[in-house]
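The values are calculated or read from the model by the stated rules, or taken from the named source; none is laboratory data. For clarity, every value in this text was computed on a predicted model and none was experimentally measured. No Cβ is skipped: glycine too gets one built from the backbone with ideal geometry, and neighbour counts run over all protein chains shown.
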Amino acid sequence: MKLQIILLAALGAGMVARTTPSSAQCLGDFDGDFKVSVGELTTAIDNALNDCRFSGVRFVDNRDGTVTDHKTGLMWEKKDNLDGGPTLDGGPNPSDPHDADNTFSWSDSGTAPDGDAFTAFLAGLNGGTSPDGLETSGCFTGHCDWRLPTSEELAGIVDETQGTCGGGSGPCTDPILGPMQADGYWSATTFSRDATKAWLVDFSSGGLAEGGKELHFFVRAVRAGP
């Protein structure tokens, strides 16, 4: 009886949600069609009642430059303009924080997060302004809490069936997260045995490695969704 009540309440909420469509992905929309079916509602409720067991489509393109991970609830920045590596003509574009060819340093001072991954890349995503102090605008997709992922979060999007890990080409991750380099990406996590290094994920092998914070690697931002 309780499950029937929950289903009816969820159905009612779903009907209300359909009357006000949004460009953002609906919770429970596992197949990415921007609608929540009875079957998807049943799956979502079953997951909630059984320790949030995940099923359905994991990654959904929100069509606004972000991808939602339904397994973790994280929202990932989506890159663009993958047209060459950092040493090729027309590759990086520092004026575009989403350019997949841009590389950044973790630290300029040795250990502190003061490299351009923080001072330029994240600042560009989170640098909102307000004319009256009551409403902030100008942040990427209206969110001002973008950050570098932890090493665990970044390693969590490795897919060993994709890209070079799966015997093909390209990065070892779901194609919906592309365009992306098959190379190293900075995490926000400092290497515990040497504060001048931080963890990164190599998306050509799917493995973790530590690198000197002064080095330049690729980055992508994440935030807690929705």
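Worth pointing out:
- Considering Glu210, Glu214, the condition of being touching a residue at least 40 places away in the same chain (Cβ under 8 Å) and of a type in the set (Asp, Glu) is satisfied by Glu214 alone.
- Taking segment 208-226 as the range and being buried (at least 18 other Cβ atoms within 10 Å of the Cβ), among the small types (Gly, Ala, Ser) and farther than 18 Å from Phe104 by Cα as the test, only Gly225 passes.
- Single residue of Ala123, Ala100, Ala117 found to be among the aliphatic types (A, V, I, L, M), free of Cβ contacts under 8 Å to residues at least 24 places away in the same chain and surrounded by 13 or more Cβ atoms within 10 Å (Cβ to Cβ): Ala123
- The set of residues in segment 129-151 that are assigned to a helix (DSSP H, G or I) and closer than 14 Å to Ala224 by Cβ contains only Thr141.
- Condition check for Gly184: modelled with pLDDT of 95 or more and either surrounded by fewer than 17 Cβ atoms within 10 Å (Cβ to Cβ) or farther than 24 Å from Asp61 by Cα (or both): no
- Criterion: touching a residue at least 60 places away in the same chain (Cβ under 8 Å) and closer than 16 Å to Ala100 by Cβ - qualifying residue of Pro171, Pro179: Pro179
- Residue count, segment 192-207 (criterion: over 21 Å from Pro92 (Cβ atoms) and buried (at least 18 other Cβ atoms within 10 Å of the Cβ)): 3
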